[in-house]
1. Run a plain Debye calculation on the chain (Cα atoms as equal point scatterers, no solvent) and give log10 I(q)/I(0) at q = 0.11, 0.15, 0.19, 0.20 Å⁻¹, rounded to two decimals, same order as the q list.
2. Counting only C-alpha contacts under 8 Å and six or more residues apart, can you give the relative contact order of the stretch 29-70 as a whole percent?
3. Before rounding to the nearest 500, sum -39500 (n - 2.57) across all DSSP H runs of length at least 4 in the chain and divide by the residue total; then give [θ] at 222 nm in deg cm²/dmol.
4. Under the definition of Cα pairs under 8 Å and six or more residues apart, what whole-number percent is the relative contact order of the chain?
5. Could you work out, for the stretch 9-91, what percent of all Cα-Cα pairs fall into each 10 Å distance bin, beginning at 0 Å and stopping at the bin that holds the largest distance?
6. Starting from the exponent 0.38 and prefactor 2.2 Å, build the expected Rg for the stretch 83-127 from its residue count and divide its actual Cα Rg by it.
7. Exposure proxy check: 67, 112, 36 ranked by fewest other beta carbons within 10 Å?
8. Would you please state which residues of the stretch 27-47 a label at residue 74 would reach in this model, taking the label point 7 Å out along Cα→Cβ and a backbone N cut-off of under 15 Å?
């Protein structure tokens, strides 16, 4: 599986308005439901909020991976948001999160495949210069192209 199989340029966004963690989760849920037709933003928000209550998905080094499962979703859906200024997302290192990979999957979606997507995200972040390269990104299209290129670097 490749991240590029789940992403399209319209699933990528630059900038977040939310101030609180809950506001950010709502904004991510809204964007996911807008970019993937047939997905209800309330379902997405509920699923990622429930997962977040189990422990922060702000993994540190500027990366957050809010995700969840819902019986009302088919398959797996992914969005990516980059916020140049960074947001407080209760990351383990207490630093702002800049890069938000948000995934929602059906209850019957393979846990192995979901973990594989999360592994790919972490590997791209850890094994490439994405963190530095992303600072030059100004548009969703440029951000998408950067992610695809960085995934190719680790393949």
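What follows is calculated from the coordinates using simple rules that are stated; it is not laboratory data. Keep in mind that what you see is a predicted model, and the values were worked out from it rather than measured. In this analysis, Cβ positions are derived from the backbone assuming ideal geometry, glycine residues included, and neighbour counts consider all displayed protein chains.
1. After summing over all Cα pairs, the log10 values are -0.37, -0.72, -1.23, -1.39.
2. 34 percent
3. -13500 deg cm²/dmol
4. That works out to 27 percent.
5. For the stretch 9-91, the pair-distance distribution reads 18, 56, 26, 1.
6. Compactness ratio reported: 1.38.
7. Listing 67, 112, 36 from fewest to most nearby Cβ atoms yields 112, 36, 67.
8. Answer for the stretch 27-47: 36-40.
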